[in-house]
Amino acid sequence: MDKQKDIMIPEPLLMPVIEVEHSFFWESLSKNELRIQKCSNCAILRYPPNPMCSQCQFFEHSWELMSGNGEIFSYVVTHQPTHSAFRDRTPLATVIVELDEGPRLVSNILNISPSEIKIGMKVRVVFQKMDDEITLPFFELID
Amino acid sequence: MLLALFNINDYDASMVDKSKVAIVGIGETEYSRESGRSELVLTLEAIMAALEDAGINPHEVDGLMRWSVDTSSEAIVAENLGVKSLNWFGDINQAGNVGAALVASACAAIRSNLAETIVIYRGVNGRSGRRYGSGAVTGRRGQGLGAFSEPFGLLTPQHGLAMMTQRRMYETGITSRHFGMVSVTERFHANRNPRATFFDRPLTIEDHQNSRFVVEPFRLFDCCLETDGGGAIVLTSLERAKSLRKPPAVVRAAAQHAYASTRDYTDTAAKFIAPRLWSQAQITPSEVSVAQIYDHFSPFVIFALEDYGFVARGEGGDFVESGQMSWDGGILPVNTSGGHLSEAYMQGMNQLLEGVRQVRGTSTSQVQDVNFSFVDTGIGTGALILEPDIYG
C-alpha cells in the first residue's frame, strides 16, 4: 500500500479555529503538553472541552497533564477526498486514540501505511508545530 | 426468529396516545440528478401532490413543518399555498434525521388543538445543488468542536459514522459482506419500484464487494444516493381523517430522541428511543409487519435492527444475510421502496412515504396484512408505528 502522502510532516490546510473556552488546550499543545479538562469537583476528565461537567454541573476545572500514551480505539480511511484540504493526501487514515487516562482524541498516526492500522495498537503522542499559534497532537506507534 | 427483547409487561401504559392523529396524504416529485428547478418549486409540487392525495384544499392548511436544513421557509411556503392562517410552524435541527421527530411534534400539536392540518415537507437539490458528502458543505471550517476533528480529516457525517461502524465491526464481528446484503436486498426492492433511481440496475454481492472504498469501511454501494426531489405528508386528527379521500395511516406511536448521557460509543440512538416507542405502541418488535429504516449507510440498517430490539446485538448481520429483510420471504421486509441506497436520498421522507404506502396497501413491494408499519428516520432520532384505522 501507498504510504500516506506528507506523512512525515502532515500539514492540514484545514486548521482549528481557536475559541476562548478552548484556548488553554491549544496553548498547552504549543508547549508540547497534552492537557485535558478536569472537573475541580468530581475530577472527571472531559474532551473535547465543555463549559460544564456533565456529571456534577460544576463549571470550575483545571487542565490535567496526560501521559500521551494510549491505543487505537477506531479508525477510518478516506479514499475519496471530501474537502480540498485533503485532495492530495488520500488514502488518509483518521483514528480515535483512547488515552491511558480515558479520554478519546481524533488524530492521525504518523509513519504508517493506512492498511497497517489496527484497533488496539499502542501509540504515543507526537507534537507537530503547524504555525505560531497551532501545534497539533499526532500519534505514532510504540514499538 | 425475531426475539421479544421487550416484554409487554414492562410497558408504561400511560404513554399511549388516547386521541389519534393520522397521515392522510402523501406526495412526491420525480427523483433525479438534476431537477432543473428550485428547491422551493420541488417543495410546492410535493405538497400539492400530498394535498390532492388527501383531498384537502391548500387554503385549509394551518401548520407547516420542515427539516432545519431545508431552505424553503414555512413563511414562503404558506404564502404560495395561500393558507388562511398559519397557526403552527417550526423546524427541527438534527441534520437529515428529523422526519419522524417532526411527525411526533405535529401529532402533539394536533392533539393539543394548536393546529388541525399540518404539512411536513422536504425539497432538496441534493445532487445538483448542495452535496452533503462534501466537507465544504457539512464541515465546520475548523470552528467549534470541528477544531478537534476536522484538521485530522474527520469532516462529514460519513466520517463519524464510518468510525463508529469500524468499532462495532470489531466488537460484534459483523462484516462488510453483511453490509453488502443490505445494499443488495434494497436494490432488489428498488428493481420492483419504477420511481426508484436504480429501478433498472440490479446489484449483486460481488458488485458490492468489488466496489471501491469511499471512506473505509464504507464501500461505494454502502453509501446513500445524492438526489434532487421533494416529498410531503399531511397530518390531521383521526376524527377528521375518516371523512377524507384516502384510508388513514394512523400514528399509533411517535417519538424523538437526541442525546443520552449513558450512551456507549457504539450505541445508536435507537437503543434509547426503543423502550419509549414500544411502550407507546403497546406492541413488541416481533409484531411489526414491515420496517423502513434510515439507510444513509448500509451498516446502520443492521445496527437499527439490533438496537430497536428486532434482533439481538451481533445477530443483525446473519438476519440480513439469510434473507430476512427481503420482501421475498423475509420475516421483516425492510426499506421496501429501495430506501436511501437505491430509491432516492430524501433524508427520511422516503421512509415516511413508504411506511404510509405499506399501511394503505399500495407499495410496489407490498407486504400482506400489515398490522404495524415501523418507520425510523435516523437510527433512533425519531420513529413511528403506523397502523390501519382499526378504531371504527
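Given the conditions (1) over 19 Å from B:Ala104 (Cβ atoms); (2) among the hydrophobic types (A, V, I, L, M, F, W, C); (3) in a strand (DSSP E or B), which single one is not true for B:Ala253?
Only one criterion in (1) over 19 Å from B:Ala104 (Cβ atoms); (2) among the hydrophobic types (A, V, I, L, M, F, W, C); (3) in a strand (DSSP E or B) is unmet by B:Ala253, namely (1).
Residue check: is A:Ala93 at the interface with chain B (Cβ under 9 Å from one of its Cβ atoms), in contact (Cβ under 8 Å) with a residue 24 or more places away in the chain, more than 14 Å from the chain's Cα centre (by Cα) and not in a loop (DSSP other than H, G, I, E, B)?
The answer is no for A:Ala93.
Any idea which of B:Arg167, B:Arg192, B:Arg122, B:Arg131 is more than 23 Å from the chain's Cα centre (by Cα) and basic (Lys, Arg)?
Matching residue, one of B:Arg167, B:Arg192, B:Arg122, B:Arg131: B:Arg167.
Considering only residues of segment B:145-166 that are at the interface with chain A (Cβ under 7 Å from one of its Cβ atoms) and over 13 Å from A:Thr94 (Cβ atoms), which is most open to solvent (accessible area, probe 1.4 Å)?
B:Leu145
Can you confirm whether segment A:79-89 contains a residue that is within 12 Å of chain B (Cβ to nearest Cβ), of a type in the set (Val, Ile, Thr), under 19 Å from B:Glu150 (Cβ atoms) and touching a Phe, Trp or Tyr at 6+ places or on another chain (Cβ under 8 Å)?
Within segment A:79-89, none of the residues are within 12 Å of chain B (Cβ to nearest Cβ), of a type in the set (Val, Ile, Thr), under 19 Å from B:Glu150 (Cβ atoms) and touching a Phe, Trp or Tyr at 6+ places or on another chain (Cβ under 8 Å).
Search segment B:337-362 for residues that are under 13 Å from B:Gly25 (Cα atoms) and pair each with any residue that is part of a loop (DSSP other than H, G, I, E, B) and open to solvent by less than 10 Å² (accessible area, probe 1.4 Å) when their beta-carbon atoms are under 7 Å apart and the residues are at least 6 apart or on different chains.
Note: pairs meeting the criteria are B:Leu352/B:Thr377; B:Glu354/B:Thr336; B:Glu354/B:Ser337.
Quick check on B:Asp295: is it touching a His at 6+ places or on another chain (Cβ under 6 Å), acidic (Asp, Glu) and in a loop (DSSP other than H, G, I, E, B)?
yes
Quick one: is B:Arg187 in contact (Cβ under 8 Å) with a residue 60 or more places away in the chain and within 14 Å of chain A (Cβ to nearest Cβ)?
Answer is no for this residue.
Of the conditions (1) within 14 Å of another protein chain (Cβ to nearest Cβ); (2) touching a Ser or Thr at 6+ places or on another chain (Cβ under 7 Å); (3) open to solvent by less than 10 Å² (accessible area, probe 1.4 Å), B:Thr138 fails just one. Which one is it?
Only one criterion in (1) within 14 Å of another protein chain (Cβ to nearest Cβ); (2) touching a Ser or Thr at 6+ places or on another chain (Cβ under 7 Å); (3) open to solvent by less than 10 Å² (accessible area, probe 1.4 Å) is unmet by B:Thr138, namely (3).
Each row is one residue, and each column tells you yes or no for (1) surrounded by fewer than 23 Cβ atoms within 10 Å (Cβ to Cβ); (2) away from chain A (no Cβ under 14 Å); (3) modelled with pLDDT of 95 or more.
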| position | (1), (2), (3) |
| --- | --- |
| B:Gly231 | no, yes, yes |
| B:Thr236 | no, yes, yes |
| B:Ser243 | yes, yes, no |
| B:Phe272 | yes, yes, yes |
| B:Val301 | no, yes, yes |
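Restricting attention to segment A:96-108, does a residue exist that is hydrophobic (A, V, I, L, M, F, W, C), away from chain B (no Cβ under 12 Å) and under 17 Å from B:Ser149 (Cβ atoms)?
Yes, because at least one residue in segment A:96-108 is hydrophobic (A, V, I, L, M, F, W, C), away from chain B (no Cβ under 12 Å) and under 17 Å from B:Ser149 (Cβ atoms).
So which residues in segment B:342-357 are part of a helix (DSSP H, G or I) and open to solvent by 10 Å² or more (accessible area, probe 1.4 Å), if there are any at all?
Selection gives B:Arg357 alone.
Suppose the filter is touching a residue at least 60 places away in the same chain (Cβ under 8 Å), more than 14 Å from B:Gly338 (Cβ to Cβ) and within 14 Å of chain A (Cβ to nearest Cβ); does B:Glu226 pass it?
Considered against the rule, which asks whether it is touching a residue at least 60 places away in the same chain (Cβ under 8 Å), more than 14 Å from B:Gly338 (Cβ to Cβ) and within 14 Å of chain A (Cβ to nearest Cβ), B:Glu226 comes out as yes.
Could you count how many residues in segment B:169-181 are under 18 Å from B:Phe319 (Cα atoms) and either surrounded by fewer than 23 Cβ atoms within 10 Å (Cβ to Cβ) or at the interface with chain A (Cβ under 9 Å from one of its Cβ atoms) (or both)?
8
Among the residues of segment A:41-62 satisfying the criterion of being open to solvent by less than 70 Å² (accessible area, probe 1.4 Å) and either hydroxyl-bearing (Ser, Thr, Tyr) or assigned by TED's automatic domain parsing to the domain that holds A:Leu136 (or both), which is nearest to B:Gly146 (Cα to Cα)?
A:Tyr47
The values are calculated or read from the model by the stated rules, or taken from the named source; none is laboratory data. What you are looking at is a predicted structure, and each value in this text was computed from that prediction instead of being measured. Counting neighbours? That spans all protein chains shown, and the Cβs are built from the backbone with ideal geometry, glycine included. Remember, those area values only see protein heavy atoms, side chains included, never the ligands or the DNA or RNA. Shrake-Rupley method; radii C 1.70, N 1.55, O 1.52, S 1.80 Å.
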